Structures are given as structure tokens and as C-alpha cells.
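Following: one structure in C-alpha cells, then a few remarks.
What follows is calculated from the coordinates using simple rules that are stated; it is not laboratory data. What you see is a predicted model, and the numbers here were worked out from it, not measured in a lab. Cβ atoms come from the backbone with ideal geometry, glycine included; neighbour counts cover every protein chain shown.
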Amino acid sequence: MSIRYKPYSPEQPHLLPPSPQDWLPEDHLAYMVRAVVSTLELESFHRFYRKDPRGALPFDPVMMVSILLYAWCSDIYSSRKISMLCTGDLGGRYLAAGLQPDFHTINTFRLRHGDALADLFVQSVRLCQAAGMMSLGNVSIDGSKIAANASKRKAMSYSRMVRTEEDIRLQIAEIQRRSNAADAQEDSLFGKDNIGFDLPKELKRHETRLAKILEAKKQLEAEARQAAEAKAAARKAKQSNNDGGKPRRGPKPKEPEDPAKAVPKDSAQRGFTDPDSRIMKSGTGEWMQGYNAQAAVDGEYQVILACEVTQDANDKRMLVPMVEKTIAQVGAKPSTFSADPGFYSEDNAKAMEDMGVDALIPPDKERCGTPDNPAPAMSEEAFAALSIKEKMRHRVSTAEGRDAYRLRKGIVEPVFGQIKGSAGNPGYLGFLRRGLTKATQEWSWVCATHNFLKYIRFQAAQKAPPAPPKQKRNSRRGEDCVFSTVEMAI
């Protein structure tokens, strides 16, 4: 008996060209991305091309932004892989409308419109806000170390730079001495007017390496002088505000270092591949060459409200900028900001009070009260008499403060996990571009993509039919029984 199959003819030509809608399901990500991009303001992209209309016709920015967002939603950031989506992926071919921009074009578009693409993050925040995805009740701030496009083995400490500089200068002097001796010998053989040879390759390599070391050494020394100047200015301001100029009690403080004579610490390091990146300890305890990526996340749908990238491994200096950026971008002041002890300092706590922000930042890692024994209520007079640190410790120790701060981990830390993915399903693994400016732009793209995906899933859930009522088996009658919500609650 012969077996029959459904017709299969891959080379069979179509009488009519197929429609893209026939190839993709209705809920495909490409349709969602196109709907989102249609709501975005892309005037900054169009304005660029109106400046100089000469040359070949450019690709429509709407198409380019759609392809980039579609790729980012799929955790694809390489320009070559994005270009392949336009030819080998049905969703990418639909968004490209049959056009095939190569990876040079895609990369040039990202470089040319880096700031405009980064501004899409602000639009993602406002889009989620308009959809009602923000409560602004508890906003959590945290930082995560992300690897730079550089190797920590290409970094060098200041003390090693000094030693290596001396060694390389001696090596260059020896090479030059041998070259001069060889030149003198060749002049005696061939004459001085004969064409000379190029510089030895060994000398070129040493001179190039010395130039890189001197540049990194110069940057470290400039940072040391700036830090000394800032420390001296802060000390002078503190002395001028000290009780009307009255002398302080206790031992005389140590005189600050002369900024002109300040030198970096021997352990201060600088990388050669990406000089803006720094050696940092990741969450797993391993040392890495990278940046500290910051995010402020709303507690309702885990929408990122503000993002930033810093070279500091410590989070202290990022609290005030992140709070200010959050308030500016959402146009309102959230009820509570929460952050881990790494963000605490007395200056930060004072700044939060001056801004009228209710902040929950434990001043230290010790437990402030227990769930069974929270801090008792305190009168306004007694609270006002506390120091800045004691006030913050009391806020976190109360029952309300502990309940609010307990939500922090479940708000911000899962967002970093969603962005980075897991071992079996990796997401964003690290920066592809070098330099603080480009890394900041790239992190804005990543955070904007996170928000757009949240918005897409929110809209899909709004259109989805209601879930059927839960069914439980009645063991007494051996049949399926449907229980209403009210019955289940009872």
C-alpha cells in the first residue's frame, strides 16, 4: 500500500508573490515592534538627513530603528548578525521590507545616531507611563558590573608603568645605539648618499608601547591632581562653615596634600584597550575590566525609569544623579526611593532631605531592628534631634520602613537578571563599544529595549482573553468541578 504525503515542492515558484502576513503569526514580535516604532518621535533622525541631501538615498530611519529594536529584543547586538536578520529571518525581512542593509551601514547608523538612539530610552519611559505601567510608589536603585570590550590583562598599575617606562627607554636607547652603529658601518660601505633603511621594527614596537604607557600614566597623574584639588576644596568649605570660623577641638588635622605634587597610588590601574573602563569586582566575586551600570526601577511592572554608566566601582556618587534623573524623566516625585547600603553616605542622606525625598538606605549592613521587634514610633521633636545617620537607621528600622525596603530586591535585581540572562539562555553579555560615552549610549539602548518589551507584553496581556476558571478534582465524587473566584477565596 502506497503512503501519501502532503505536497512538498520547495523550488515551486509562486504564481503571485506571497504576502508577509501569510508567513508570520498574528502575535509575532515583528508586528509588535512595528507598532511600537510607529508611536515614537524620530524627528532627530530625519533632521540629520535634511542637513545635506546630497549623495545616495539613505535608508528610512523608521526601518533602521525597527530592525535595531527587533534585534535588541532578540538579544542580538552584533551589526553582522543584525544584517543577517534582514536576509535569513522572516521577521527581519518583513521589517526591512525586502531591503538588505549590510553590517557597515548598520554600524554607521548606530555611530552616527548614537545620541538619538539613546534618547529612545526617554520615550520608552513615557510610553510605559502613558500606558499606566508605573505606580511611582517604590523606586529601587542599584548598580551592576558589566564587562567592557577590553581585557583586564591589558591593564597596568601606576607603579608598573613607572618601572616599564624606565625599562623601555633603556631598550630604545640600546636599539638606537645599535642602529647608529649599523648606519655608520653601512655609510662606510655604501656611502652617505645611499638610501637608508626604515626604522627597525623592534624600535617601532617599543616606541608605540612607550607612547601608550606615557598616555595612561599622564591620565592617572591628572586624576590624582583633580582628586587632591577636590579634597582641598571640600576641606576649605568645611572649615569655613564650622561654627562661624571657631577653631575645632581635638588634634590638629593633617594638612592636605599639595595638588600640584599629588601622585597616583601605586595600585591605580589603567587599561590600554579601553582606557575609560576600570578593574571592578563583579557580583560573583571575580575581577573584571568593565563599567558600573546603574538603573532606577519602578515597583509596578519593573520599568526602568533612569539609567546611567559610571567608572566608579562604588555606588555612592550615583544616588543623587539617579534620583534627579528619575524625577526629571517621569515628571513626578516617587513616594519612596530604596537602595542598598552601598549608596549610603551622610552627604547623600542630607541631599535626600533637602530634595524632600523619602529614601530608605541602610547606613550599614547590620540589621536595624527585627521583624518581631521593629523600632518604636518617635515624636517629631525626638526624631529631629537625631543625627543624619540615626534618622536613616530609624526609618529603615520601623515596621513600615522594613516592609518597604524588603521589596527592593524583588524590584531592581530581577531586572539585571532579565537583561543579562542565564547560563543556558544568555542575554546581554557586555559592552560591544569602547569608551564611557559609547558605553552610556549602549546601556540606554539596552534599558530602552527592556522597557519596550515590558510594554509589548503588557499590551498583549490586555488584549488576551480572560483565563478560564481553575478546575480542581473533587475527590469525593471523582469528577471535575469548577470553582468561582469567590468560592476559592472562601
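Here are the numbers for this structure:
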{"item": "Cα→Cβ-extended label distance, 7 Å offset, between residue 284 and residue 328, nm", "result": "3.6 nm"}
{"item": "FRET efficiency for residue 407 and residue 380, using Cβ-Cβ distance with R0 set to 22 Å, rounded to 0.05", "result": "0.25"}
{"item": "Stretch gain in nm, segment residue 47-residue 388, where the contour uses 0.36 nm per residue and the Cα spacing is subtracted", "result": "117.8 nm"}
{"item": "Prolate/oblate/rounded label for the range 80-145 (Cα gyration tensor, a/c 1.5)", "result": "prolate"}
{"item": "Extension gain (nm, one decimal) between residue 365 and residue 316, 0.36 nm per residue minus Cα-Cα", "result": "16.2 nm"}
{"item": "Proximal charge balance of residue 461 [Cβ under 15 Å; K/R count +1, D/E count -1]", "result": "+1"}
{"item": "Cross-link pairs 145/316; 145/389; 316/438; 333/391; 333/454; 81/438 - those with Cα-Cα distance over 18 Å", "result": "145/389; 316/438; 333/391; 333/454; 81/438"}
{"item": "Backbone N within the range 432-454 under 19 Å of label point (7 Å from residue 462 Cα along the Cβ vector)", "result": "449-454"}
{"item": "Global geometry of the range 20-118, whether rounded, prolate or oblate, following the gyration tensor of its Cα atoms and the 1.5 cut on a/c", "result": "prolate"}
{"item": "Computed label-point distance, nm, for sites residue 3 and residue 131 using a 7 Å Cα→Cβ extension", "result": "4.7 nm"}
{"item": "Ranked packing of 86-97, 137-148, most packed first, by mean Cβ within 10 Å", "result": "137-148, 86-97"}
{"item": "Pairwise centroid distance, computed over Cα atoms, of the range 313-368 with the range 115-149, Å", "result": "17 Å"}
{"item": "Sparse-neighbour loop sites [trypsin sites (Lys or Arg not before Pro); the range 287-346; at most 15 other C-beta within 10 Å; DSSP]", "result": "none"}
{"item": "Separation in nanometres of the label points that stand 7 Å from Cα toward Cβ, at residue 104 and residue 122", "result": "3.4 nm"}
{"item": "For residue 328, net neighbour charge (Lys/Arg +1, Asp/Glu -1) across residues whose Cβ lies under 14 Å away", "result": "0"}
{"item": "Segment residue 80-residue 35, length gained on full extension (0.36 nm per residue, minus Cα span)", "result": "13.7 nm"}
{"item": "Ranked packing of 273-286, 441-454, most packed first, by mean Cβ within 10 Å", "result": "441-454, 273-286"}
